[in-house]
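Novice: One structure is given below, represented as structure tokens, and several questions about it will come after.
The values are calculated or read from the model by the stated rules, or taken from the named source; none is laboratory data. Just so it is clear, the structure is predicted and the values come from calculations on it, not from any experiment. Don't worry about glycine lacking a Cβ; one is built from the backbone with ideal geometry, like all the others, and counts go over all protein chains shown.
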Amino acid sequence: MALTYQQLLTVVPLVIRAGNVPNIVGDAGIGKSALVNEVAQKMGAALFTTVVSLSEKGDLAIPVPPLTSDSFVETANYGRLANVQFGYSATLVQIIKHAEAKPDQPIIWFLDEFNRGSQAVQSELMNLVLQRQINALRLPDQVHIVIAENPDSSMAGFSDREYDVAVGDAAIRDRTVRLVMTTSTDEWLKWARQRGLNQLVINYLRAYPTRLSIIDPESENLQPTPRAWERVARNLDQLQKLPSSSQQELAADLFSGDLGVEVGTSFAEFVLAQGNELTLEKLRASSAGAAKFAQADEATKLNLLRDWLKKDALSLATETGAAQFNNLLAKVSPDGQVAITHSVGEKGDRLLEKMYQVAKQQLTGQVAALYQRLAQIATREDRH
């Protein structure tokens with residue numbers, strides 16, 4: 001089971017209010033940092049972030065030489081801390097100072113990439129996460145710790161992941177609330193519209209929703225993530241300011257640097273084809289449209305045929321419409337044909353009944369041929 005970004009906006013504060021530590025697990029680039037930032041905003045909390053993967057053993061527990069009184073931060077309620085300007089100490093100083101200056105404001109300390117820190121680093125954080133104390137210092141009650149991790153192969157549902165992580169200590173797993181994060185293209189598109197991201201990114205992902213995030217642990221190539229698409233949108237804003245010739249020359253390489261070659265090239269073609277893209281009207285207007293349809297990728301083919309069913313389904317009960325639709329359907333993959341057949345069925349009895357009546361009267365006509373093909377596809381699917 002997994003939770004989307006919007007669901008976690010509710011669940012993470014709930015876990016915090018219950019006095020527990022949320023442990024957000026998700027693939028790189030899925031939006032864990034953005035989520036914690038928005039949670040802090042909604043809670044009115046001050047946010048402090050530490051990237052655990054950049055920490056070294058001893059950043060918390062290393063002994064320090066004797067210091068003068070000026071070298072310590074004294075607090076009224078929480079003890080004192082040596083103001084050593086490295087590692088966690090500097091962050092703790094900032095947190096304690098903020099807590100004393102604003103005792104009524106909640107504070108979130110976000111430990112990002114927690115399991116990408118070494119076992120030694122994770123062990124040093126144990127008291128802070130579990131006991132809320134390090135040496136003579138205890139964390140104020142208003143400080144809430146939130147952890148984020150990349151999945152490792154020992155986690156349920158992530159046996160194929162190969163992140164360079166140190167498997168977390170059993171005590172951490174037992175005393176934190178693991179919240180697995182997943183993507184939702186609909187949620188991301190709504191967020192993208194609110195943020196004013198480039199409309200072409202939104203249009204592309206509306207047409208190809210599965211390309212928001214592609215996880216292939218066996219691939220060494222770059223792959224799309226929600227974070228990568230945000231970068232693509234910003235880069236596209238700047239690319240569109242260049243002359244058309246420069247856009248043609250740079251687009252594929254620019255987008256492939258975030259999305260990988262396959263999706264990056266596809267998106268570049270989508271961007272550069274604006275005004276020349278294949279539409280339902282162009283598809284039905286001439287044989288050139290059918291030839292272009294044959295060269296299109298599978299998602300484009302399915303979208304065009306579904307658009308036909310949405311706008312003019314009853315044309316399938318005419319000789320001209322049935323002939324053209326049947327010809328195009330033959331250019332779709334077997335799985336795609338099944339999907340389109342389901343879409344025809346979802347139009348209800350009115351379409352199928354009308355096709356049946358026409359087919360019954362003209363047994364060798366085009367409507368009869370299409371009706372027979374749809375019946376064969378449906379039968380083939382039932383057998384599977």
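Novice: When you scan the range 353-379, how many residues do you find that are closer than 11 Å to Thr341 by Cβ and surrounded by fewer than 19 Cβ atoms within 10 Å (Cβ to Cβ)?
Specialist: Residues meeting the conditions: 5.
Novice: Follow-up. If you go through the range 205-253 one residue at a time, how many are in a helix (DSSP H, G or I) and not aliphatic (A, V, I, L, M)?
Specialist: Keep residues of the range 205-253 that are in a helix (DSSP H, G or I), which gives 205-207, 209-211, 226-239, 244-253.
Still in the running and not aliphatic (A, V, I, L, M): 206, 209-211, 226-227, 229-231, 234-235, 237-238, 244-249, 253.
Residues in the range 205-253 being in a helix (DSSP H, G or I) and not aliphatic (A, V, I, L, M): 20 in total.
Novice: Test of understanding: among Leu254, Leu250, Leu222, which residue is at pLDDT 95 or above, surrounded by fewer than 18 Cβ atoms within 10 Å (Cβ to Cβ) and of a type outside the set (Gly, Ala, Ser)?
Specialist: On inspection, the qualifying residue turns out to be Leu250.
Novice: Could you check how many residues of the range 4-46 are assigned to a strand (DSSP E or B) and either small (Gly, Ala, Ser) or outside the structural domain of Trp109 (by TED's automatic domain parsing) (or both)?
Specialist: Result for the range 4-46: 1.
Novice: Quick check on Glu277: is it in contact with a Gly (Cβ under 7 Å, 6 or more places away or on another chain) and at negative phi? It would help to see each step written out before you state the result.
Specialist: Details: in contact with a Gly (Cβ under 7 Å, 6 or more places away or on another chain): no; at negative phi: yes.
No; evaluated as a whole, the condition is false for this residue.
Novice: Does the range 149-165 contain at least one residue that is in contact with a Phe, Trp or Tyr (Cβ under 6 Å, 6 or more places away or on another chain), of a type outside the set (A, V, I, L, M) and modelled with pLDDT of 85 or more?
Specialist: Among the residues of the range 149-165, at least one is in contact with a Phe, Trp or Tyr (Cβ under 6 Å, 6 or more places away or on another chain), of a type outside the set (A, V, I, L, M) and modelled with pLDDT of 85 or more, which makes the answer yes.
Novice: Here is a further query. Could you please tell me which pairs satisfy a Cβ distance under 6 Å, a separation of 6+ or placement on different chains, a first residue in the range 301-314 that is under 14 Å from Lys354 (Cβ atoms), and a second residue that is basic (Lys, Arg)?
Specialist: Close Cβ pairs satisfying both conditions: Ala313/Lys347.
Novice: Further question: Quick check: anything in the range 211-219 touching a Lys or Arg at 6+ places or on another chain (Cβ under 9 Å) and at pLDDT below 90?
Specialist: The first filter runs over the range 211-219 and keeps only residues touching a Lys or Arg at 6+ places or on another chain (Cβ under 9 Å), leaving 215, 217.
Filter once more, keeping what is at pLDDT below 90: 215, 217.
Within the range 211-219, one or more residues are touching a Lys or Arg at 6+ places or on another chain (Cβ under 9 Å) and at pLDDT below 90.
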